[in-house]
Every structure is written in structure tokens, then in C-alpha cells.
1. Could you work out the longest stretch of chain B that avoids the trypsin sites (Lys or Arg not before Pro) located in DSSP loops with at most 16 other Cβ atoms within 10 Å?
2. Scan around residue B:62 for amide H atoms under 5 Å from its own, H built in the peptide plane at 1.01 Å from N, and keep only partners 5 or more places away or cross-chain.
3. Scanning chain B for GluC sites (Glu not before Pro) in DSSP loops with at most 15 other Cβ atoms within 10 Å, what's the longest stretch left with none?
4. Does anything in the range A:59-74 have its amide N under 18 Å from the 7 Å Cα→Cβ label point of residue A:117, and if so which residues?
5. Please list, in chain and number order, the residues 5+ apart from residue B:366 or on another chain whose amide H is under 5 Å from its amide H, with Hs placed from the backbone.
6. Suppose every K and R has +1 on its Cβ and every D and E has -1 on its Cβ; what is the size of the dipole of the range B:215-318 about the Cα centre, in Debye to the nearest 20?
7. If you add up the charges near residue B:121, with Lys and Arg at +1 and Asp and Glu at -1, over every other residue whose beta carbon is less than 11 angstrom from its beta carbon, what do you get?
8. Given charges of +1 on the Cβ of Lys and Arg and -1 on the Cβ of Asp and Glu, with all other atoms neutral, how large is the dipole of chain B about its Cα centre, in debye to the nearest 20?
Amino acid sequence: MTGLWYILGFAFAGISFVFLTIGVSWLLSHRHKGDRHKGLPYESGIDTYGDTWGRFGLSFYIYALLFVAFDIEVIFIYLWALVFRDVLVGGLVSMAIFVGILLLGLGYAWRKGVLTWR
Amino acid sequence: MTETDLVAISPLIFVIALAMLIIVADIIWPDRDDISTGLTVAGLLVGAGLTVLVAQSEAREIFAGAYVVDPLTSFLDVLFLAIALVTVLVAPDYLRPRGLPMAEFTATLLFAISGAMLISGSRDLLVLFLGLELLVLPGYMLAGYAKRDGYSTEGAIKYFLLGSFSSAIFLFGLALTWGFTGTTRIREVAASLAQLDTASALAPALLMGLALLTTGVAFKIAAVPFHYWTPDAYQGSPTPVTGYLSVGPKVAAFALILRLFVEALAPIKADWTPVVIVLAAITMTLGNLVALTQDNVKRMLAYSSIAHTGYIMVGLAAYAGAPVGSEAERAGLEGLLFYSVAYAFMNLGAFAIVSALQHRRGVTSQIETFAGLGRRAPWAAILMTLFLLSLTGIPPTAGFFAKAYVVLAAVQAGGWVSVLAVIAVLNAAAAAFYYLRVVVFMFMRDPPETARPVLTGTMMRAGLAITAVMTIFIGLVPPVTSGVIEFARVAAEVLLVRTAGG
């Protein structure tokens, strides 16, 4: 039965967290009606212009995907480098296969003209 | 990791290597569809041979118990490879006229199949999830493969949103199960659950995990009321992809159920049995009732595939509802596996005919396309009739025996499950109406004035031949029937021995 209370408590805490954060930010935010510059996202920066709902080129998305693939790869390579003394040849071969698969993906994207800016 | 580990999963590695080889071939010789298609067909045959070869040696756990190669793994792997083969054979006739490349299609399909093969032998909750994601992510890409087509994109987005949503739910369920049992190894999860006091109620955390897992899996197999993505995703996708989506991910999701519910969660099966029974009943009934009103054959087949999910779930319910260690338990799992094989071939066959008719661009999958097909292209009409009769469950086709096994298992299990048997039979009778409606259109209506001859390539013919031969042989040729049953029995036994032994 206590387990049920845990779940209910957890659900309550989770839901109230949403209202809590919104409420606190509402309380703390300074709402100066008169001064337009106080209400800007960057009070001391240059004036913002345009619409927040501007459209991004789809090309950015593909670059981001390629970036993520190689970003994650680096995490593996750091750990691999740390234990390289213990794994030696087997480790080198495994890493070569891993990097090779990623490079194949990059090569394919290149060949398909993904890296050409349009 | 040892050499024997690598030998045991060599079919899986082979399929992944094959997909990469196709990418390399596409880099060197772009726009050579014949190379990628030929490589895939040859590779899948070799892969199936490799799977059978590996299956000869004794079942063993590899990678410290995270993966197992046993008869169930081999059974499912061969089925997945066959599904991929038929899909690849059927695809060029539809994709080429629309200017869609084959190489990317086959490579993506093979990656998806490798995910399915990872699920089939998975003995660890995380490997199970990894396999599931590897299966569905290429599926989203395939659904939106005709990217200039608005319907394809719409279907892909719906499939993607609900698919990733259900994956998250499923993962949350896995997390709670892990939190409760303290392990991700399926064998240890089962052992930990077996020690629970079955007489008292389960802990709320475990119940919640069970609920989330059930919901997540129900989304993947498209059981009512978690089926809303199915019709749009199936209707919008390119037709060969629809054929694959209605079979591959569905059978793989049932493989996941076998590994997760039948193996890991077997000790608490009394708690999930009622849900399976209710889901099976409403899935069969609603799928069939809505299919009655469809005028688009692809959409009709989408709802019919929901209904077939219900029939397969009857097999699962027979296992779950039967007393532990009884004959009906085995019969239920055997029925589930046999049904999956029969369903895979007859459904792929039906979608292959729709693909063949849509060889010319602009041909819709409305039922009017089928008008007078009996006169325009007699063999296509005859094959379509065969697949539809099999889907209805009329002897002596594969579909009849599949339904018979599932229903008999349900009767054997007794209790509430035998009510399911009655519902299944009534549903099969109702389903005859909308399947035969297509047959009526094919043979009793005049073809439209604008109709042009049906063209088919050699590969399409090969794909149709495989599905038709399997649909007839599983039903009509005793050695084939008993061979598939024997294979299914051995595969089902694996699960039962292990759940009994703990």
C-alpha cells in the first residue's frame, strides 16, 4: 500500500513542479509596463528584429545529424584511448571497424550531395 | 567475447555487413539498381543458409547471457529474412516507375531486418530495446520513402510520432521492471519474479511497469485501442513498404512479446492474461468491423492486418490463460508462431498484387482498380483470390490451418479463452464479406474503359511465386505443413522449458 502512496506522491510532485516553475518565474519576472527595453529578451544587447517563428533551412538539420554522429563517436574514442594499453590489437581493430562504419556513412552522405550547400 | 560468440551471431553480422556493402556499391556505381537488388537477393539467400547452419549447433547463450541462439531465434530469423526477400523482389516494379532508388531502399530494409534479428534472440531488456529501435527507425524512413508524395510524408510523420511515443512508454516500463527486479537480464528478471508471493497483489511499481510495457507493445503490434496510426501509415506508404510494415515489424513485435512477456514476465502471467484476452477480443472485432466499410484496398488490408493481430493474440491468450505446464500452453505458442508464418506470406502476397497493379504511376489502390481484373489479367486475379481466401481462412490454404491451430489452442486452454475462440470464428465469418467483395469486383464487374494492361517484371513474378507457393503448400502439402509445425513446436518448447525451469 505504501508503494501506491509513493506513486501518487511522485505524480503530485511531478505535476506541481510544472505549475511551481511557471508561477515562480511569473513572480520573479519584472513587468515594467512603461519601459519597452526592460521587456526585451536581451535588455542590454542590440534590438531584436523579425519574427521568432522564422523558418530554418532543412540543410542545417542534416549537418546537425552528421555532427551528432561524430560527436558521440568522440565519447567512445576517449574511453578507448584510456584503456588502449589493455586492449592493443583487438581494440585497434574494433575501433577501426567502428570508425570505418561512421566514415562509410559520411562518404555516402557526401556522394549523395548532402554536403553541397543549397 | 569469444570466437564462438561471433560465429553464433554471424547471421546478424552478415545482414548488417550486406547492408553496408550495398551502400559501398551505391557509392561506387550510383543509380545501378540492378547491382543493389541482385546483391540483396543473393545476400539474403546466403544469410538464410547461414542461419540454418548456425542453428545446427546446440543452443547457447552468448555475450555473457545477453543474447541467445536457440531454435526460436533461428525460426524467427529465417522468417524475417524471407519477409525481406519477398519485399525486395516486389519493390522494383513499384519504385522504379516513380524514380525512387532501390539501393537506399534495400539498405534501409536490411538495417530494419537486423533489428528484428536482434530482438529474436535477445535475453536482456536493453538489447531488446536496442533491437526494437533498430527495427522501427528504418521503418519510419521507409514509410516516408516517396518524399515528394504528401500522403507518404503524412503517414510517415504519424507513424514516427506515435512510434517514438510508444517507444518512450515501453522504455519507461522497462525502467520500472529493472528498478523492481534490479537486473536487466531476462533470466534473472524471471527468477526474481518467480520468488514473489503470487497469492497477494503485486507491488504498484511492478504493476505500473507491466501496464506501461503492455501499452508500448500494444502500440507496436497495432492492437485496438492503440491502432490509430496504422491505417494512415499503411495507406500513405509506398505499397511494397506497406506490405513490409504490415508483416515485419508486427512479427518482430510478437518476437519481443515472446522474449519479454512469455520469458521474463511468465511468473506473473496471471496479472497480464485478462488484458491480453480483452485486447485480443476488441482487436479482432473492431479491425474487422471497420474493414467492412473501406473502399481503398490498402486501407482495407490495413484494418484486416489489425484483425489478424487479434487472431495472433488469441494464441498468446491461449498460452497465458492455460494452467502452467499444460499442453494448451505449448499449443498456444505453437499457434502464434505458425500463424505468424502463414500471415507473413499471405499478407505480403496480397500487397504484392496491389503493388503489381500500381506499376504504372497514378493507379490508385481504390477498389475500382480491381474491377474486371479477372478479364484483364487472369493470373493476377487468381493469385489475389488465393491470398484473400487464405486471409479469410478458407481451406485448404495456409490461413485456414493458422486459424484452426489458434482457435483449437484457445479451446484447449478453456475458461475465458474459449470465449475468444468463439469470437475468433464469428469474426472470420464476418471478414469473408470484405475479402470476397474484392473478388466480386475482380470477376463480376466490367473493367473501366481507361484500364491499361498490367505489367510485371521477372522479380515481381518471383516474389508472387514464393508467396503463392508458400500459401498453398503450408495448407495443402502435408510435409510442408508438418515441417513448419515441427519447427514452431521446437521453437515454442524452448520458451516453455525455460519458464518451467526458472
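Read-outs: derived from the displayed coordinates by stated rules, not from any lab. The model shown is predicted, which means the values in this text are computed figures rather than measured ones. No Cβ is skipped: glycine too gets one built from the backbone with ideal geometry, and neighbour counts run over all protein chains shown.
1. Numbers: sites that count: B:32, B:147, B:148, B:360, B:361, B:445.
Value returned for the longest uninterrupted segment is B:149-359.
2. So residue B:62 has HN proximity to B:67, B:68, B:69.
3. Working: sites that count: B:58, B:449.
With GluC sites (Glu not before Pro) excluded where exposed in loops, chain B gives B:59-448 as its longest stretch.
4. Once the point is set 7 Å along Cα→Cβ of residue A:117, A:59-67 turn out to lie under 18 Å by backbone N, inside the range A:59-74.
5. It is B:297, by chain and number.
6. It works out to roughly 120 debye.
7. Working: positive: B:60, B:123, B:259; negative: B:61, B:70, B:77, B:124.
That sum, taken over residues with Cβ under 11 Å, equals -1.
8. Values: 28 positive and 30 negative charges, 234 e Å.
Computed about the Cα centre, the dipole is about 1120 debye.
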